[in-house]
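Read the structure below first, then the notes.
Only the coordinates and a few stated rules stand behind these numbers; no lab work does. What you see is a predicted model, and the numbers here were worked out from it, not measured in a lab. Every residue, glycine as well, gets a Cβ built from its backbone with ideal geometry; the counts of neighbours run over all protein chains shown.
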Amino acid sequence: MSDARPVLSGRDIHFTYGRGADTLHVLKGASIDLFPGGLTAVMGPSGSGKSTLLHVLGLLARPSSGAVLIDGRDPWKTSEAKRSRMRNQNLGFVFQFHHLLEEFTVHENVAMPCMISGKSRSQSMDIAGGLLREVGIESRGNHFPSEISGGERQRAALARALAMEPAVVLADEPTGNLDDEATGVVENLMLDLARSRNQAFLIATHSRELAQRCGRLLILDRGVLREG
Amino acid sequence: MNLWLVGALSVRQVVSRSHSGFVRFVGVLSVVGIAIGVAALIILRSFMDGFTGAIRHSLEAVNPAVHVYAPGGGALGPSDYGLVRELALGIPGTTGVEAVLERPAVASGAVGTVAGVMVRGMSGSGDGAVLGIRLAQSLGVTMGDTVRLASTAGVSVSGMGRVLVDTIMPMVVVRVTDFGIDEYNRSLVTTSIESARSLFGDETGISSMGVGLTAETDPVNASITLDSLLRESYVEGGWPAYMTAIPFMSFHTNLFQALGLESLAMTIVLGLITVVALLNLSSALTMIALEHRWDMGVLRAMGATPRMVFVTSITRGLSIGAVGVVIGALAAWASVLVVNNYFPIRLDGSVYWVESLAGKFSAETALVASAITLLVCLLVSVAPAVSALSDSPSEALRYE
């Protein structure tokens, strides 16, 4: 464990769906610290709460109890607008199904977080162009997501997650929908970028191989998070 | 907020090829509904304005813009004419002042037909009679023929039951004209004021005075100015006020108020129908929002604020509305143009005063109708936008 200050922390996080007898306790006191440059894998069976953990840590869902801290600050004690800004500045997401916007080109998709932050379109497109080069799909920038392969889409999604140079990238089964060859490319890329950019990566995955390549493995089993 | 992004998100999501057939159908239906509503509103106003304008134009073509008369029916004389002329010519936009003597008479033509007419003698007119086309037809006369005019003031019935007339005056028809208004075409005879005075046996008689104005001069303002000048001159001269100046249109206040009321009522009814069509927009926006629920979740994950999501949703509604409004306004413009040029509307002049109806497309009307429609689009878009906001990003991302 690093001596550096964690860029993202979860403290005794509980998360429940529903009420009364139908209450589903998804997270039961999960705690986690993510450090710059640290690669952490979370494994667990389907329905164990991996996505929910990432959503809570990514400020997309409010924990039922416990706290999420970004740079030591609790985002849930501020306004929704400021929380959105924190998400934009500090967090990047990679989803299993890429979630690129179909109506925008790959280049525009990658530039989107920068445009959301208030940067001009041309400035955002410049940043996105560099990232497309970095993930090796520069030539596909003017294509729409439906016109490129699954592996290329996921590389574009990775580039998009890195656009604002966030402290933390949360990847929810990023290779879960890819064939073996594309999985290898995306995994290598992700690990290389994490190391070269000194960003914290938290990767939810079913892939033991990917988990072993990460520096740290956590197991989420029936809502309880423990070291693997 | 990056406006390019908001605009691109709104427009591209509206025209997205990924929409299901039904959502596309509802979207197209919204655009068509808005277009028809806007077109109907503009076409209605164009033809109502055209009708009102045609009547106004026809009336103004025959009558001076401002009338000066003695409300109590008092006789006016040459000195009154002199005073009015002096004052009126000092008002910018005045083109001239005419003394008018207008009285009822009886006219008979070549074939012995007789018609009740209104003889209007004007100081600016030449000798001879100018007849409305329908009157000329009913009297069986044409240019160069002679009509006989008799003043009804001197008519009496003898003991034998014969109708005796003091003055019968033959007058050459110098022109047969279309006065533009059926009532005038059937009964008006214009001539010089001297001829009218001879006919009515009144050597100096003036029943009113007409002040002509340039087309750019507002008759209402000019009449107010002239009226106040007349009053001032009475005060200075120590006379009681007895002449008043009014715009000619005041003689037809009821008509124009009725036309205005009818136009307003029809606009309100059509406007309400358009609002009903706009409610369909709300359904379309809700469906589009549902189909892009994922996208909104992704945008929120990337840091889009609720405000940006809200503005994007509203802009979506406005972009659909804008397309409908532009199509509707263009369709209205084209319809008015086609009807005016290829399918002119004929009216029964005896019922509607004018014999043809031309639409008068006004950019101002189109802008107002478009602006109001877009405002309603904006209001209708609020509910789907608020609904989009109520989704947590996590729920939106899990939505399939």
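Counting Lys and Arg as +1 and Asp and Glu as -1, what is the net charge of the other residues whose Cβ lies under 11 Å from the Cβ of B:Ala129?
On the way: positive: B:Arg120, B:Arg148, B:Arg175; negative: B:Asp127, B:Asp145.
Local net charge: +1.
Once R0 is set to 35 Å, what does the formula 1/(1 + (r/R0)^6) return for the Cβ-Cβ distance between B:Thr167 and B:Leu255, expressed as a FRET efficiency to the nearest 0.05? Each step should come with its number before you reach the end.
Numbers: r = 34 Å, r/R0 = 0.98.
For B:Thr167 and B:Leu255, the calculated efficiency is 0.55.
Give me the inter-chain shielding for A:79-86: mean count of other chain Cβ atoms within 10 Å, whole number please. Write out the running numbers ahead of the final one.
On the way: counts 2, 5, 4, 1, 3, 12, 2, 1.
Going residue by residue through A:79-86 and averaging, the value is 4.
Under the definition of partner shielding as Cβ atoms of other protein chains within 10 Å of a residue Cβ, what is the mean value for peptide B:1-12? Present the calculation step by step, with values, prior to reporting the outcome.
Details: counts 3, 11, 2, 6, 10, 1, 0, 7, 5, 0, 1, 5.
Mean shielding count: 4.
What spacing in nm lies between the two simple spin-label points modelled at B:Glu291 and A:Glu147, each 7 Å away from Cα in the Cβ direction?
With each label placed 7 Å out from Cα toward Cβ, I get 2.1 nm.
Taking the alpha-carbon set of region B:71-242, what are its Rg and Dmax in Å?
Radius of gyration, then largest Cα-Cα span, for region B:71-242: 18.4, 59 Å.
Mind ranking A:36-45, B:307-316, B:363-372, B:263-272 by how tightly packed they are, going by the mean number of other C-beta atoms within 10 angstrom, highest first? Walk me through the numbers before you get to the answer.
Details: A:36-45: 20.2, B:307-316: 21.8, B:363-372: 16.1, B:263-272: 13.9.
Output ranking for A:36-45, B:307-316, B:363-372, B:263-272: B:307-316, A:36-45, B:363-372, B:263-272.
In whole Å, what is the distance between the alpha-carbon centres of region B:196-262 and region A:77-116?
After rounding, the separation between the Cα centres reads 73 Å.
Under 16 Å between alpha carbons, and skipping anything fewer than 8 positions from A:Lys28 in its own chain: which aspartates and glutamates qualify?
A:Asp12, A:Asp221, A:Glu227
Tell me, how many Å apart are the Cα centres for region B:137-151 and for region A:198-215?
Cα centroid to Cα centroid, the span is 109 Å.
Compute the signed sum of charges (Lys and Arg +1, Asp and Glu -1) over the other residues within less than 13 Å, Cβ to Cβ, of B:Phe256.
Working: positive: B:Arg56; negative: B:Asp49, B:Glu60, B:Glu262.
Value of the local net charge: -2.
Would you please give the residues with an amide H less than 5 Å from that of A:Gly66, counting only those at least 5 places away or on a separate chain, with H modeled from the backbone geometry?
Residues meeting the amide H criterion: A:His14.
How high is the FRET efficiency from B:Tyr242 to B:Trp4, r the C-beta distance, R0 45 Å, rounded to 0.05? Show your work: numbers first, answer last.
Details: r = 71 Å, r/R0 = 1.58.
Efficiency, from the Cβ-Cβ distance: 0.05.
Between A:Asp71 and A:Glu181, what is the FRET efficiency for a Förster distance of 51 Å, r being their Cβ-Cβ separation, to the nearest 0.05? Please list the in-between numbers first.
Working: r = 38 Å, r/R0 = 0.75.
The calculated FRET efficiency here is 0.85.
Which one, A:Ala211, B:Gly303, B:Ser356, is farthest towards the positive end of the dipole of the protein assembly as shown when Lys and Arg carry +1 and Asp and Glu -1 on their Cβ?
The one lying farthest along the dipole's positive direction is A:Ala211.
Taking H as built 1.01 Å from N, whose amide H comes closer than 5 Å to the amide H of A:Gly92, not counting residues under 5 places away?
For A:Gly92, the qualifying residues are A:Val168, A:Val169, A:Leu170.
Return, ordered by residue number, the residues of region A:192-206 whose backbone nitrogen is under 18 Å from a label point located 7 Å along Cα→Cβ of A:Ala4.
Residues passing the 18 Å test: A:192-203.
How big is the charge dipole of region B:71-242 about its Cα centre, in debye rounded to the nearest 20, if each Lys and Arg gets +1 on its Cβ and each Asp and Glu gets -1 on its Cβ? Don't skip to the answer; put the middle values down first.
Values: 10 positive and 18 negative charges, 140 e Å.
Charge dipole, region B:71-242, about its Cα centre: 680 debye, nearest 20.
Starting with the highest mean, order B:374-385, B:286-297 by the number of other Cβ atoms within 10 Å, averaged over the residues of each peptide. Don't jump to the answer; show the numbers that get you there.
On the way: B:374-385: 18.8, B:286-297: 20.6.
By packing density, highest mean first, the sequence is B:286-297, B:374-385.
Once the dipole of the protein assembly as shown is set up with Lys and Arg at +1 and Asp and Glu at -1 on Cβ about the Cα centre, which of B:Ile91, B:Ile314, A:Val26 lies farthest towards its positive end?
Value: A:Val26.
Would you work out which of A:Gln154, A:Met164, A:Leu59 lies farthest towards the positive end of the dipole of chain A, given +1 charges on the beta-carbon of Lys and Arg and -1 on that of Asp and Glu, about the Cα centre?
Sorting the options by dipole projection puts first A:Leu59.
Would you tell me the mean number of C-beta atoms belonging to other protein chains that fall within 10 Å of each C-beta in A:156-166, as a whole number?
Values: counts 0, 1, 0, 0, 2, 2, 0, 1, 2, 0, 1.
What the average comes to for A:156-166 is 1.
Which residue, B:Ala322, B:Ala70, B:Ala107, has the most motion in a Gaussian network model of chain B that connects Cα atoms within less than 10 Å?
B:Ala70
Give me the Kirkwood hydrodynamic radius of region B:1-91, using the inverse of the mean 1/r over all pairs of distinct Cα atoms, in Å to one decimal. Walk me through the numbers on the way to the answer.
On the way: mean 1/r = 0.0503 Å⁻¹.
About 19.9 Å for region B:1-91.
About the Cα centre, and with charges only on the beta carbon of Lys, Arg (+1) and Asp, Glu (-1), how big is the dipole of the protein assembly as shown? Nearest 20 debye, please. Mind dumping the intermediate values first?
Numbers: 48 positive and 55 negative charges, 433 e Å.
Dipole magnitude for the protein assembly as shown comes out near 2080 debye.
Taking the simple approach of a point 7 Å from Cα along Cα-to-Cβ for both B:Ala153 and B:Tyr234, what is their distance in nm?
2.4 nm
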